[in-house]
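First comes the structure, then the notes that go with it.
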Amino acid sequence: MINDLLKAIYAEGLFAVPLSMPNRTFNTSGMDMWGKWQLMPTSTYRGNLRDIERAGILQITLFVPIGTDDTLIDDKAKAIAAHFGTEKAHMVDGHNVLIMSSHIEPAMPDSDGKWYMTPISIEYEII
């Protein structure tokens, strides 16, 4: 359920960046840009004014071939982070998905030296 709710928010952004999902085959050859989807749920932790069903961090890591103009990956990372937002609520299928923060990590080459990557960390709560 969590994946579906967060994917719906991503799809609303119309980013046109194909995503590699966990435990799925994914061929990156010939791609100008692609992303890796990694969901890191944490336990629920609050019982005050509202009950938190689930909380965690979604990491979307964008990849472009080494040597690509940085502007392409930087602009797309900023657009994704802005769409998810910080302290922003998204209503998806009757669930309130609160984005606590969206943070772009520093870009770096991957371990193979073929791709330049930018991680985006999105902290969420599903109420």
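The values are calculated or read from the model by the stated rules, or taken from the named source; none is laboratory data. The model shown is predicted, which means the values in this text are computed figures rather than measured ones. Backbone-built Cβ (ideal geometry, glycine too); neighbour counts: all protein chains shown. In case anyone asks, the SASA skips ligands and DNA or RNA and just uses the protein heavy atoms, side chains included. Shrake-Rupley method; radii C 1.70, N 1.55, O 1.52, S 1.80 Å.
Residues that are part of a helix (DSSP H, G or I) and open to solvent by 40 Å² or more (accessible area, probe 1.4 Å) within the range 63-74 comprise D70, T71, L72, D74, listed in sequence order.
For K114, indicate whether it is touching a residue at least 12 places away in the same chain (Cβ under 8 Å) and either over 13 Å from I2 (Cβ atoms) or open to solvent by less than 60 Å² (accessible area, probe 1.4 Å) (or both). Yes; evaluated as a whole, the condition is true for this residue.
The residue of the range 15-36 that is farthest from D69 (Cα to Cα), among those that are open to solvent by less than 40 Å² (accessible area, probe 1.4 Å) and touching a residue at least 24 places away in the same chain (Cβ under 8 Å), is L19.
Only one of the numbered conditions (1) farther than 14 Å from V17 by Cβ; (2) modelled with pLDDT under 95; (3) not polar (S, T, N, Q) is violated by A82, and that is (2). Considering only residues that are in contact with a strand residue (DSSP E or B) (Cβ under 9 Å, 6 or more places away or on another chain) and of a type in the set (G, A, S), look in the range 85-111 and name the one that is surrounded by the fewest Cβ atoms within 10 Å (Cβ to Cβ). Out of the qualifying residues, it is A89. Please verify whether S121 is of a type in the set (S, T, Y) and free of Cβ contacts under 8 Å to residues at least 24 places away in the same chain, treating the condition exactly as stated. So S121 does not fit the description; no. Checked against (1) open to solvent by 70 Å² or more (accessible area, probe 1.4 Å); (2) touching a Gly at 6+ places or on another chain (Cβ under 9 Å); (3) at pLDDT below 95, E123 passes all but condition (3).
The set of residues from the range 70-106 being closer than 21 Å to I127 by Cα and either β-branched (V, I, T) or more than 15 Å from the chain's Cα centre (by Cα) (or both) comprises T86, E87, A89, M91, V92, D93, G94, H95, N96, V97, I99. Might you let me know whether the range 85-99 holds any residue that is under 15 Å from K7 (Cβ atoms), in contact with a Leu (Cβ under 6 Å, 6 or more places away or on another chain), assigned to a strand (DSSP E or B) and at pLDDT 95 or above? No, the range 85-99 has no match at all.
Looking only at residues of the range 75-84 that are touching a strand residue (DSSP E or B) at 6+ places or on another chain (Cβ under 8 Å) and loosely packed, with under 15 Cβ neighbours inside 10 Å, we find that the one that is farthest from M1 (Cα to Cα) is K78.
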